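Working notes, beginning with the structure itself.
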Amino acid sequence: MVLINRRQEEILNELEQKGYVNVVDLCETHNVSTVTIRKDLNFLENEKLLHRTHGGASKKPLYAFERNVADKEELQVEQKKQIAKEALKYISNNDYIILGSGTNIHYLSRIISGFNKLTVLTSSLKVSLELCKESNVNTIQLGGDIRNSSTSVVGPIAEATLGYFSCNKLFLGTDGIHLDFGMSTSNALEAHLNQAMIDVAEKVIVLADSTKMNVRGFGKICNLNKIDILITDEGIDNETKAKLEEVGIDVVVAGKL
């Protein structure tokens, strides 16, 4: 059994509520030095009770790692369904939209129906296969190198093709949204393609469940000020939501009454 002191217990309680803690804030709260707090955090990390980060600690690993899309489909299923339903409200007849890759986007593509006319440009093979079922949806599949893990394309062919289009809305999935690092993904080529998508879209709408908050991936997509709307679930903590709104993001919590 791990023996921890009262201060360390309070740090873990705050971490449970917020998902992350900051060294400076902890020093003020507990009226101790930064050396003491860092020792506490290092001890708790050694006991595998948290993950150390630059300037603090998080409840979960800071870095996103690449997973097969089939495995990711089984994670946070109900949250992704709620996010997809909310995202569908932002699609209208006669829209020209881009759908990126990722499981949140896959869930959205499954419920796109009933439109009189809709044009969709996508890098995801799974999304294209779903949208082929809709006779009134004109689907344009980007070409390029196929990533087996995500069943989507990346590379210069896809990026060059995007230059021929202009779309009014972009729906992106992501592996991480970090208050300092911005939006990112675990694959650098995918990050570069997502940057190209942002360049040809009027509005950027990001679909990300709350497990992606305060996480960073290897490839940076953009700074947070490039995001217009973030659709997430009720797991997002109030502090993170408020800070995202401070930089101008419209944070929409799916399923919230």
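Bear in mind that the values in this text are calculations on the coordinates, not laboratory data. Worth saying up front: this structure is predicted, and the values here are computed from it rather than measured. A quick note on method: Cβ atoms are made from the backbone with ideal geometry, for glycine too, and the neighbour counts reach across all protein chains shown.
The table for this structure:
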item	result
Whether segment 188-230 is rounded, prolate or oblate, judged on the alpha carbon gyration tensor where a/c under 1.5 counts as rounded	oblate
Partners for residue 39 among lysines (Cα-Cα distance below 27 Å; same-chain residues under 8 apart left out)	18, 48, 59, 60
Inter-centroid distance (Cα atoms) of segment 33-51 relative to segment 79-147, Å	44 Å
Kirkwood Rh, Cα atoms: Rg over Rh of the chain	1.03
Charge dipole (the chain, unit charges on Cβ, about Cα centre) - positive-most of 34, 155, 128	128
Amide proton proximity set for residue 121, modelled H, under 5 Å, gap of 5+	97, 98, 99, 140
Two-site FRET efficiency, residue 237 against residue 92, from Cβ-Cβ distance with R₀ of 35 Å, rounded to 0.05	0.65
Size of electric dipole in the chain: Cβ of Lys, Arg +1 and of Asp, Glu -1, about Cα centre, debye, nearest 20	300 debye
Helix-only [θ]222 nm of the chain, DSSP H runs n ≥ 4, -39500 (n - 2.57) each, per residue, nearest 500	-10500 deg cm²/dmol
Residues with amide H under 5 Å from that of residue 221, placed H, sequence gap 5 or more	183, 184, 185
